[in-house]
Amino acid sequence: MRDGRTTLVAGFTGSGKSAWVISQVQRCNELLVWDSDHEWSDRRLVEPVYTIEALKNRIVDHLRRGGRFRVGYAGPIKLRVRRGKKVEVVSLFPAFCRLAWIWGKAAPGRTVVVEELADVTSPGKAPDEWGQMLRKARKHGLDLYGLTQRPAESDKTIVSNAALIHSGFMGFPNDRSYMAECLGVSLEEVEKLKPLDYIERDLRTQELRRGRVRFNHAQCA
């Protein structure tokens with residue numbers, strides 16, 4: 001079984017982080033996306049579903065039948081639930097992660113992408129369901145991509161489990177400092193990045209690479 005790979009992708013709006021991830025997964029036949037901003041759905045890169053129930057049904061059907069699967073959850077990220085006289089706001093991200101993990105570990109080579117981690121995680125330990133995927137994805141052959149505009153405000157579990165850390169232009173000083181530390185480079189290296197520039201480190205080989213995001217037709221569709 002091939003090893004899975006977890007990738008942290010950070011970058012401010014307009015840095016090209018989503019375009020870079022799209023270029024990495026555009027040939028995947030088995031792809032599941034937490035599409036909170038509808039970016040993947042609007043570009044017709046995935047088939048959107050708008051409820052967790054609909055996502056569950058699609059996953060169950062794929063587990064039974066196999067075949068091509070490129071689906072994005074584009075529904076609400078939270079729900080208001082009444083419990084007696086109280087109304088609680090409940091995150092739907094844990095439910096997505098439970099379904100994604102059942103689907104992802106069923107066969108090696110599948111890919112899960114989570115857009116904007118800062119919306120659904122917080123600094124420190126990852127939510128249990130997301131943390132389980134991060135810690136176990138490699139041995140089950142699952143590829144994970146976690147994207148964020150604010151890495152300093154996102155969970156740290158992905159950093160400790162990432163095989164690749166990829167950073168584009170960062171908008172805030174604390175995020176630039178955080179990414180410089182994660183990448184093991186000087187703050188100046190991150191500060192000089194311009195929109196669409198990136199720097200990344202393969203933590204398995206310690207190779208440091210620099211480049212620039214290039215757009216193609218599929219990314220702009």
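The values are calculated or read from the model by the stated rules, or taken from the named source; none is laboratory data. From a predicted model like this one, the values you see are computed outputs, not experimental measurements. Heads up, the Cβs are rebuilt from the backbone with ideal geometry, glycines too, and the neighbour counts pull from every protein chain shown.
Taking the condition of being within 20 Å of VAL120 (Cα to Cα) and not β-branched (Val, Ile, Thr), how many residues in region 32-54 meet it?
So the answer is 12.
Has region 123-141 got at least one residue that is surrounded by fewer than 20 Cβ atoms within 10 Å (Cβ to Cβ), of a type outside the set (D, E, K, R), closer than 17 Å to VAL21 by Cβ and at pLDDT below 95?
no
Among the residues of region 120-153, write down those that are acidic (Asp, Glu) and within 12 Å of the chain's Cα centre (by Cα).
ASP143
Can you find, within region 66-81, the residue that is farthest from ARG27 (Cα to Cα) among those that are in a strand (DSSP E or B) and in contact with an Asp or Glu (Cβ under 8 Å, 6 or more places away or on another chain)?
Checked region 66-81; the qualifying residue farthest from ARG27 (Cα to Cα) is VAL81.
Among the numbered criteria (1) surrounded by 17 or more Cβ atoms within 10 Å (Cβ to Cβ); (2) closer than 21 Å to TRP101 by Cα; (3) not aromatic (Phe, Trp, Tyr), which one does ASP175 miss?
So ASP175 meets the others, but not (2).
Within 16 Å of the chain's Cα centre (by Cα), closer than 14 Å to SER36 by Cα, in contact (Cβ under 8 Å) with a residue 24 or more places away in the chain and surrounded by 14 or more Cβ atoms within 10 Å (Cβ to Cβ): is that true of VAL114 in this structure?
Yes, satisfied.
When you go through (1) out of contact with any helix residue (DSSP H, G or I) (no Cβ under 8 Å at 6 or more places or on another chain); (2) touching a residue at least 24 places away in the same chain (Cβ under 8 Å); (3) surrounded by fewer than 19 Cβ atoms within 10 Å (Cβ to Cβ) one by one for PRO94, which number turns out not to apply?
Condition not satisfied by PRO94: (1).
What is the residue count in region 119-153 for residues that are in contact with a Pro (Cβ under 8 Å, 6 or more places away or on another chain) and either of a type in the set (S, T, N, Q) or assigned to a helix (DSSP H, G or I) (or both)?
Counting residues in region 119-153 that are in contact with a Pro (Cβ under 8 Å, 6 or more places away or on another chain) and either of a type in the set (S, T, N, Q) or assigned to a helix (DSSP H, G or I) (or both) gives 7.
Suppose the filter is within 17 Å of GLY146 (Cβ to Cβ) and outside any loop (DSSP other than H, G, I, E, B); does ILE102 pass it?
When the stated conditions are applied, ILE102 does not pass them.
If VAL113 meets every condition in (1) farther than 22 Å from GLN24 by Cβ; (2) at pLDDT 95 or above apart from one, which number is that one?
The single condition VAL113 does not satisfy is (1).
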